[in-house]
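Below is one structure, written out as structure tokens; the observations come after it.
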Amino acid sequence: MIASLSLEPWRMDLIRLLRSLEEFLYELVGWLVFYPRTFWKILRHPGQMARYTREELLKPQDSRFQATISPVLMLILTVGLAHAIELVTRQALPNSSSPVAPLLFGSDERLMLTRSAIFCVFALGASLGTLRRQRIAVTRETLREPFSIQAFLVCPFVLALAVGEALVRSHEVRWHMAGIVLCCTSVGWYLAARTDAFRTLNAAGLFRAFWLVLASFLLTTAAILAVVAVLLV
């Protein structure tokens, strides 16, 4: 009797572990199925995905994004995939004499966190610009929708830029031009996607939407480069 009682907590822990493992494997399989589908939808129809995101956020939390991966998780997985590409191509870690550099690029994990933060800033900058134009106060709730939309839209930009950067830094010179073209294409697609999303969600013409998006992108890029330059000097 005493022995059976002492084994009971162990059995319960084992059951919880197996259930957790089952949920993790199911979630992993879900990522394998829904990630490419979500990525393709963003790539083909960014405006429709922006509207879809808005509609999904109106649903109860347990019912959201049942046919896709949630926006923030999609961004995290994309940054992870971009980092995996860098590891596979054996790219050297950025080198700098700045005392801050080891904190940002000192290991693969820190480099991945730095890259995640940078691309989150692109999504955040666009989101804050949206709220400012609509004259809406920035709160956790009001920020959720525009940030979720921008988290979706930045994913193809992240992945294409990572592949392009890997080609540019390749030891094979013949791939350098292809990498430059891919990086430029990724920027062009990102601007076009954000413009399409802006026009889908707002009553705005093509010219006005594009210039608002371009101004936001240039300001965000300049801010990121300025901060990185200050930290690495």
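FYI, it's all coordinate maths here, none of it is from the lab. For clarity, every value in this text was computed on a predicted model and none was experimentally measured. Glycine also receives a Cβ, built like all others from the backbone with ideal geometry; neighbour counts cover every protein chain displayed.
Considering the dipole of region 135-233 built from charges on the beta carbon (Lys and Arg +1, Asp and Glu -1) around the Cα centre, which of Ala151, Val138, Leu225 is farthest to its positive end?
Final value for the positive-end residue is Val138.
Using 1/(1 + (r/R0)^6) with R0 = 30 angstrom and r between the beta carbons of Arg51 and Thr185, what's the FRET efficiency to the nearest 0.05?
E(calc), rounded to 0.05, equals 0.75.
Of the listed peptides 66-77, 212-223, what is their order by residue-averaged count of other C-beta atoms within 10 Å, with the highest listed first?
Numbers: 66-77: 18.3, 212-223: 15.2.
In decreasing order of mean packing, 66-77, 212-223 become 66-77, 212-223.
Taking 0.36 nm per residue of sequence separation and subtracting the Cα-Cα distance, how much length would be gained by fully extending the chain between Leu87 and Glu141, in nm to one decimal?
Additional length available on full extension: 15.8 nm.
For the residue pair Leu58 and Leu25, what label-to-label distance in nm results when each label sits 7 Å from Cα along the Cα-to-beta-carbon direction?
A separation of 4.0 nm, rounded to one decimal place.
With +1 on the Cβ of every Lys and Arg and -1 on the Cβ of every Asp and Glu, and nothing else charged, how large is the dipole of region 132-233 about its Cα centre, in debye rounded to the nearest 20?
360 debye
Sorting check: for 124-130, 113-119, which peptide has the highest mean count of neighbouring beta carbons within 10 Å, and how do the rest follow?
On the way: 124-130: 20.1, 113-119: 17.4.
Highest-to-lowest ranking by the protection proxy: 124-130, 113-119.
Given R₀ = 45 Å, what would the calculated FRET efficiency be for Gln134 paired with Val168, taking r from the Cβ atoms and rounding to 0.05?
0.75
Using packing as a proxy for protection, rank 79-88, 168-177 so that the peptide with the highest average count of other Cβ atoms within 10 Å comes first.
79-88, 168-177
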